[in-house]
Amino acid sequence: MAGLLKHTKGQSTAGLRHTKTVEVENQVTRQDVLTEDNSVTFPANVRVDNHIRNQITALTNIGIGSTQKDIVGSLLSERIEKLSDSDRQRFDRILNILEQKDYLTSLSKK
């Protein structure tokens with residue numbers, strides 16, 4: 001092992017020689033990789049204070065929705081429907097970006 005790094009002047013070392021150039025057969029774009037069904041659902045928490053939590057619980061108890069998730073979902077749907085056209089377009093773009101981020105993050109965890 002001691003003689004491995006001994007180099008003498010004038011001695012040529014055989015380098016790597018490529019016999020063939022690399023050619024790309026199929027170029028893949030990002031759109032080819034992403035599927036149309038690029039959504040994933042997993043549990044997530046939203047921090048609210050006790051007053052908002054109590055209001056959601058009260059709405060659930062009087063039968064507005066069967067679960068707290070239903071209550072929040074219906075309130076969000078009502079509010080989203082009231083958005084102006086420009087705000088709705090912005091909302092849809094941002095939501096799409098966040099959904100793609102969740103999907104790609106879930107792929108990297110597999």
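All of the numbers you see were taken from the coordinates with simple rules; none came from a lab. What you are looking at is a predicted structure, and each value in this text was computed from that prediction instead of being measured. Glycine gets a Cβ as well: all are built from the backbone with ideal geometry, and neighbour counts include every protein chain shown.
The table that follows gives values for the structure above.
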{"quantity": "Cα→Cβ-extended label distance, 7 Å offset, between SER39 and LYS110, nm", "calculated": "1.8"}
{"quantity": "Length released on extending from LEU16 to LYS82, taking residue separation times 0.36 nm less the Cα-Cα span", "calculated": "17.1 nm"}
{"quantity": "In order through segment 67-83: 3J(HN,Hα) via Karplus (6.51 cos²θ - 1.76 cosθ + 1.60), integer Hz, x for Gly, Pro", "calculated": "9, 5, 4, 4, 4, 4, x, 5, 5, 5, 4, 4, 5, 5, 5, 8, 5"}
{"quantity": "3J(HN,Hα) from dihedral phi, segment 57-65, Karplus parametrisation 6.51/-1.76/1.60, rounded to Hz, x for glycine, proline", "calculated": "5, 5, 4, 5, 5, 8, x, 5, x"}
